[in-house]
Amino acid sequence: LGEPMKFVKLDCGELTVGEVDVAVLVKDAAEKVRGGIEERDEAIKMGAQGATVLVFKEGGLYFPDSGKRVEGRIGKELVENLKPREGDVIIIGTGKNEVEAEMGARAAAMRLERKR
C-alpha cells in the first residue's frame, strides 16, 4: 500500500480560505494535476471549505494553474515540514476546524492517488 500520509497543521494565511489549514504531501503526482480544481472539489465534497494545490518544481512551490511561485514564510514552512522533491504535490485542506481541514486534504490527496 505505500507510505502513510503525513499531515501538518499550519497557518497558511491568505493562501487558503478557511480558519484552519492542514497540508499533506503526495509524492510524484505533479503530472496528474491540471489546475487543482478537481482536488478542491473533492475536498469540498468531504466537508472542507476548500483545498489549495501546489506543485514542487525547480526548487519551489508553484500554483499549477497560474505558474506563480509561492514566496515567503508559508512556502518556506511547507517545504521545511513536508520536504517535497521534484514532481511532488502539496495539498492544503482548509476548514472551520482541524478535522474538516484534514478530511479535505485527505480526500484531495486520495483523488490524485487514484489517478495513477
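The numbers here are math on the coordinates, done by the rules we state, and not lab data. Every value quoted in this text rests on a predicted model; they were computed, and no experiment measured them. Backbone-built Cβ (ideal geometry, glycine too); neighbour counts: all protein chains shown.
What the table shows:
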| quantity | calculated |
| --- | --- |
| Sorted by Cβ density within 10 Å, fewest first, the residues 38, 58 | 58, 38 |
| FRET efficiency, residue 114 to residue 19 (Cβ-Cβ, R0 30 Å, nearest 0.05) | 0.60 |
| Gaussian network model of the chain, Cα within-10 Å springs - most flexible of 43, 101, 29 | 29 |
| In Hz, Karplus ³J(HN,Hα) per residue of the stretch 74-89 (6.51, -1.76, 1.60; θ = phi - 60°; x = Gly, Pro) | 4, x, 5, 5, 4, 5, 5, 7, 9, 6, x, 10, 3, x, 7, 10 |
| Fewest-first sequence of 78, 54 by Cβ atoms within 10 Å of each Cβ | 78, 54 |
| Listed pairs 6/68; 32/57; 6/96 exceeding 18 Å between Cα atoms | 6/68; 6/96 |
| Loop-resident sites, the stretch 61-97, for GluC sites (Glu not before Pro), counting at most 15 other Cβ within 10 Å (DSSP) | 71, 86 |
| Inter-label distance, nm, simple model (7 Å from Cα along the C-beta direction), residue 73/residue 37 | 3.3 |
| Helix-only mean residue ellipticity at 222 nm for the chain, each DSSP H run of n ≥ 4 adding -39500 (n - 2.57), per residue, nearest 500 | -10000 deg cm²/dmol |
| Max mean-square fluctuation residue, GNM over the chain, Cα-Cα springs under 10 Å, options 11, 65, 88 | 65 |
